[in-house]
Amino acid sequence: ASFLLSFRIPLCRTLIIGLLLQPLLAQLSTVTQPNIVLLMADDLGIGDVGCYGNDTIRTPNIDRLAKEGVKLTQHITAAPLCTPSRAAFLTGRYPLRSGMDAVNNYRVIFWNGGSGGLPPNETTFAKILQQQGYSTALIGKWHLGVNCESRNDHCHHPLNHGFDYFYGMPFTLISDCQPTETPEMDRGFRRKLWLSTQMIGLITLTAALGRLTGLISVHWKMIVCLAGFSLLYFISWFSSYGFVRYWNCIMMRNHEVTEQPMVTNRTTSLILRESISFIERNKHKPFLLFLSFLHSHTPLLTTKKFLGTSRHGLYGDNVEEMDWMVGQVLDAIDKEGLQNTTLIYFASDHGGWLERQEGERQLGGWNGIYRGGKAMGGWEGGIRVPGIFRWPGMLPAGTVINEPTSLMDIFPTVVHLAGGALPQDRVIDGWDLMPLLQGTVEHSEHEFLFHYCGVHLHAVRWHQKESGAIWKAHYVTPVFQPFGAGACYDRGFCPCFGEGVTHHEPPLLFDLSQDPSEAKPLSADTEPLFDTVIRKIGRAVEEHRRTLTPVPEQLSVYNVVWKPWLQPCCGTFPFCWCDKEDDN
């Protein structure tokens, strides 16, 4: 009995001490594993935000993040379009390493019913944080594919890439989602399809009339074959392009389609509600929330509360509504007392879309002093975006950092904060930003950054740390139309290759530290270091290319085209329509 008593007393003491220490240990765990909230705008230009120089669009909540945290002035995306940029963001790798950049003109995921997407063997930061005990959620836009071989394999789906919860669009917002707007998706190709269909139909009708009037000697069998071909040809393309709103404009909760087509007038409120609900549900344990806004992509879904309130038309209204949503998320974090244990990051997936216009209306963003915009792989306007971090008590408030950084840096940064390890079986192109953000190092780890347009290398940036110079060599630039314009207004998008680009030999060279607008190219006559810099960058390109290995092309023509057997459907295909949010 005395032995049992002597054993029980230390045991009880240990249990009591453990219970007393539990809140302290929980607090320590929260500090060592901060909550992480990643806010990503869609198509937002760096010139659209107040803290980056815009004094007419009101963005007080984004500006508040910069005031209370760290603002990056040279934050660079790995690609100038949604799909490849987001693939690089999630994996910390240039998109061509995962096959997520294109050799053709189809540079993004085009259909929910396509077979391309972020490969299952890629490791996202969400997957590592999930393994570290985080609750992980993606709310909003995905645009990295859904299925591979069957309608329900979900091989590219967010839940297969480390997210415990998904609510949002597996595709991207496009004007086709709004019945009152002019169709946007593959507009030029659709016109050609309509024209060719009409021509085939006209030939068939002419042959039939000629046979009836005796003017043309042609067998009825031939006319029937022509009519059958016309019908099959029409069905072959209209079954996809005729129903874009049903096939692409859908909302999902995890694997379930909840709206097909989406009801656009409540999308904003549902995305905000889901984001705040996730924070409230997971406030007692570490969480990762990736809020991927549908703002400010066309058709610029904006609630009545914000319509007509800005000085920049519908686009300005949309940006100001997004800023309000940022404020609502910040308020939710503050309400739960999580501000000191939560790292918040705000960025855009690439620069503003200069060519996006409807008549007199400018529906795309502004990239400030920087040349070019969305889809342009080399010019700063397409790849330099807002980048803001806030973590009270851990990051110095009101700090501005002018060093080159990349969206790919988020991967190693959040993996480090979560206590995870970087994959050792692949190249990671990003760097942990915490030493730079906290001021323990002076310079970024990036010496070279490679700027791709599809799989085509358009430009390279060299950060010469000892001199402070930031050299940028352009090997390829798009041909702007009309002549003297700052974008490809004749095409709607600037191409990566072919007749729409100019190859430069020697490359165009700029020193961004002196000429951030890339207005005055240097030459051997005006810059004594010209030849030295070009050779140095050339050697870096050769070394970089040695790290590349062949991978399957996720954006090949086969992977991009619509496949009915892969189309997500909330009914029995092809009868796909539902509104489960309204039912709830």
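The values are calculated or read from the model by the stated rules, or taken from the named source; none is laboratory data. It should be emphasised that the depicted structure is a prediction, and the values quoted were computed from it without experimental measurement. Virtual Cβ from ideal backbone geometry, glycine too; neighbours counted across all protein chains shown. Just so you know, the surface numbers come from the protein's heavy atoms only, side chains and all, with ligands and any DNA or RNA stripped out. Shrake-Rupley method; radii C 1.70, N 1.55, O 1.52, S 1.80 Å.
Worth a mention:
- Set of lysines near LYS536 by C-alpha distance (under 16 Å), chain-local residues within fewer than 8 positions excluded: LYS465, LYS472
- Most simply put, the chain has about 55% antiparallel DSSP beta bridges, counting only bridges with both residues inside it.
- Distance from the Cα centroid of the range 163-186 to that of the range 491-541 is 36 Å (rounded to whole angstrom).
- At least 27 Å along the helix axis (C-alpha) and Kyte average at least 0.0, DSSP helices within the chain: 2-32, 187-213, 220-241
- By the rule of a C-alpha distance below 30 Å, with chain neighbours fewer than 8 residues away ignored, the lysines paired with LYS304 are LYS67, LYS141, LYS335, LYS374, LYS580.
- With contacts taken as Cα pairs under 8 Å and at least 6 residues apart, the range 187-242 reaches a relative contact order of 37 percent.
- Environment charge at SER115 (Cβ cut-off 11 Å; Lys +1, Arg +1, Asp -1, Glu -1): -1
- Value of relative contact order over the range 486-581, rounded to a whole percent, pairs C-alpha under 8 Å and six or more apart: 10 percent
- Calculated translational diffusion coefficient of the chain (25 °C, 0.890 mPa s; Stokes-Einstein with Kirkwood radius over alpha-carbon pairs) equals 96 µm²/s.
- Listed residues THR526, THR204 arranged by accessible area, highest first, probe 1.4 Å: THR526, THR204
- Whole-number accessible area per residue in Å² for the range 533-579, which is evaluated in the context of all protein chains at 1.4 Å: 61 Å²
- With all protein chains kept in place, the per residue accessible area of the range 187-242 amounts to 72 square angstrom at a probe of 1.4 angstrom.
- 12 Å Cα-Cα reach of LYS71 towards aspartates and glutamates, excluding residues that sit fewer than 8 places from it in its own chain: ASP63, GLU403
- Accessible surface of the chain, 1.4 Å probe: 59 percent of it comes from carbon and sulfur atoms.
- Estimated from helical segments only, the mean residue ellipticity of the chain at 222 nm is -10000 deg cm²/dmol, where each DSSP H run of four or more residues counts as -39500 (n - 2.57).
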